[in-house]
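Enquirer: Here it is: the structure, laid out below.
What follows draws every value from the coordinates through simple rules; no lab data is involved. Not measured: the values here are computed from a predicted model. A quick note on method: Cβ atoms are made from the backbone with ideal geometry, for glycine too, and the neighbour counts reach across all protein chains shown.
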């Protein structure tokens with residue numbers, strides 16, 4: 001009889017946990033839905049990501065948290081080059097033109113300047129590990145190598161997805177500077193990779209519509 | 001009575017699954033232990049990672065699979081710059097000297113050449129999600145932003161850990177080439193970042209000894 005009681009207690013606890021997890025998931029999805037809609041309304045959502053994020057909103061099991069569609073940026077750094085000292089000197093969430101970037105570089109007065117073309121970063125949330133694994137499989141399918149579960153608790157799993165296109169290099173430090181000819185080339189390459197990154201987002205969107213419900 | 005039977009069946013299945021998971025974990029840990037020891041024996045393990053990997057071997061719950069301590073590399077690419085066309089033209093798992101890199105660049109005959117300083121990449125395996133989460137917490141503690149669970153099945157969880165130090169930029173394409181002065185600077189920065197990456201490995205080792213058993 002003691003064993004029977006024990007089993008029943010175990011099953012009761014499981015049911016209670018399940019309920020807690022479902023509640024947590026609903027609250028989290030709802031919270032991020034509101035945050036996303038607000039961000040979209042005030043124009044703070046990268047337009048390249050809107051179709052994908054809009055779709056995710058309509059699914060039963062998924063939500064998006066923070067995201068960036070990708071960008072070209074100039075990052076200023078202090079002498080120690082620590083993260084604390086780093087600052088966006090300029091950033092563009094679009095194809096850039098050579099002139100605006102060259103001018104920004106010319107006018108930079110800080111210590112070290114980095115040129116960065118950064119890929120998509122997206123955090124996709126879901127309710128359980130099986131659905132989190134569906135996101136990982138999807139990433140593998142579209143060729144995103146860097147994807148992994150960052151948060152794993154009952155009712156809340158978050159997968160971080162990082163695109164593959166990437167340039168990151170210091171271009172100016174004290175008296176040293178990359179030549180204008182090379183910088184022009186770098187900007188061109190940055191734009192090329194930015195476009196490839198946009199294609200990846202479209203591919204991700206297409207597959208998400210098939211795989212994530 | 002039917003309910004009692006149902007509960008007992010459920011608990012029996014759980015026990016059987018648990019046993020399967022334990023077996024899978026033991027087999028996987030053992031397999032990777034052998035692979036690691038072989039790689040070490042023939043000198044194919046990056047020396048910077050050996051103390052950490054040796055420690056992981058002694059733990060009850062963890063193992064390492066593929067890993068790279070970090071490197072400075074020149075990658076050649078074809079016209080389409082696809083992954084299929086990419087090839088290591090040169091790689092060094094150590095501090096480089098300016099002369100050897102400049103010479104290699106000068107002698108490159110392919111289409112596009114990239115300079116890369118790549119950080120640590122480590123795959124840490126474990127038996128369950130709670131232990132996988134311990135790895136994620138550890139990474140957060142030592143300042144590794146890019147870490148996530150890539151494989152999640154009963155008895156086999158794998159966390160991918162990616163260091164933060166990174167330079168990646170095209171330096172030569174057709175007639176365009178970065179100037180020698182700039183390349184010298186880039187190589188110096190690559191070495192600086194390579195050293196910072198080595199410090200990160202030491203920090204990771206120190207914390208792993210405390211947190212992973």
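Enquirer: When only C-alpha pairs under 8 Å and at least 6 residues apart count, what is the relative contact order of chain B, in percent? Mind showing how you got there, number by number?
Expert: Numbers: 339 pairs, mean separation 49.6, N = 213.
Result for chain B is 23 percent.
Enquirer: How many percent of all Cα-Cα pairs in segment B:96-169 sit more than 14 Å apart?
Expert: On the way: 1826 of 2701 pairs.
The share of Cα pairs beyond 14 Å in segment B:96-169 comes to 68 percent.
Enquirer: Within the P(r) computed for segment A:47-120, what percentage of the Cα pairs occupies the region above 21 Å? Let's see the in-between values first.
Expert: Working: 1179 of 2701 pairs.
When all Cα pairs of segment A:47-120 are counted, 44 percent exceed 21 Å.
Enquirer: Here is a follow-up. Given 25 °C and 0.890 mPa s, how large is the Stokes-Einstein diffusion coefficient of segment A:152-205 in µm²/s, with Rh as the Kirkwood radius over Cα pairs? Working shown, then result.
Expert: Values: Rh = 14.2 Å.
It comes out at roughly 173 µm²/s.
Enquirer: Nearest 10 degrees is fine. How inclined is helix B:98-107 to the longest principal axis of chain B, computing both from alpha carbons?
Expert: Approximately 80 degrees, to the nearest 10.
Enquirer: Counting other beta carbons within 10 Å of each residue's own, what order do A:62, A:182, A:89 fall into, fewest first?
Expert: Details: A:62 24, A:182 21, A:89 18.
Fewest-to-most ranking of A:62, A:182, A:89: A:89, A:182, A:62.
Enquirer: Which angle between 0 and 90 degrees, to the nearest 10, do you get for helix B:180-211 versus the longest principal axis of chain B when only C-alpha atoms count?
Expert: 20 degrees
Enquirer: Using a label point 7 Å beyond Cα on the Cα-Cβ vector, give me the inter-copy distances for residue B:106 in nanometres, one decimal, shortest first.
Expert: 3.4
Enquirer: Any chance you could give the angle, 0 to 90 degrees and rounded to 10, that helix A:2-41 forms with the longest Cα principal axis of chain A?
Expert: 30 degrees
Enquirer: How big is the Cα convex hull of segment B:13-139 in projection, averaged over all directions, in nm²?
Expert: 10.9 nm²
Enquirer: Follow-up question, since we're still on this one. Using just the helices of chain A, give the 222 nm mean residue ellipticity in deg cm²/dmol: DSSP H runs with n ≥ 4 each add -39,500 (n - 2.57), and the total is spread over all residues, rounded to 500.
Expert: When only DSSP H runs of four or more count, the value is -17000 deg cm²/dmol.
Enquirer: Can you list, largest first and rounded to whole Å, the semi-axes you get for chain B by taking the square root of 5 times each eigenvalue of its Cα gyration tensor?
Expert: Equivalent ellipsoid of chain B: 43, 19, 15 Å, largest first.
Enquirer: Also, quick follow-up: Just subtract the alpha-carbon distance of residue B:209 and residue B:55 from 0.36 nm times their residue separation and send over the number in nm, one decimal.
Expert: Values: separation 154, 0.36 × 154 = 55.44 nm, distance 0.73 nm.
Extra length from residue B:209 to residue B:55 when fully extended: 54.7 nm.
Enquirer: How do A:126, A:28 rank when sorted from fewest to most other Cβ atoms within 10 Å of their own Cβ?
Expert: On the way: A:126 27, A:28 18.
Final ranking by Cβ density, sparse to dense: A:28, A:126.
Enquirer: Now for a separate question. Which log10 I(q)/I(0) values does the protein assembly as shown give at q = 0.07, 0.12 Å⁻¹ under the Debye formula, counting every alpha carbon as one identical point scatterer?
Expert: Once normalised to I(0) and log-transformed, intensities are -0.41, -1.12.
Enquirer: Now, a different point. What does the structure give for A:174-181 when I average, per residue, the other chain Cβ atoms found within 10 Å of the residue Cβ? Walk me through the numbers before you get to the answer.
Expert: Details: counts 1, 0, 8, 4, 9, 6, 0, 4.
Counting Cβ atoms of other protein chains within 10 Å of each residue's Cβ and averaging gives 4.
Enquirer: With r as the distance between the Cβ atoms of residue A:95 and residue A:181 and R0 = 22 Å, compute the FRET efficiency 1/(1 + (r/R0)^6) and round to 0.05.
Expert: Calculated transfer efficiency: 0.60.
Enquirer: Please arrange A:205, B:63 by how many other C-beta atoms lie within 10 Å of their C-beta, fewest to most. Display every interim value, and only then the final one.
Expert: Working: A:205 19, B:63 24.
Least crowded to most crowded, the residues run A:205, B:63.
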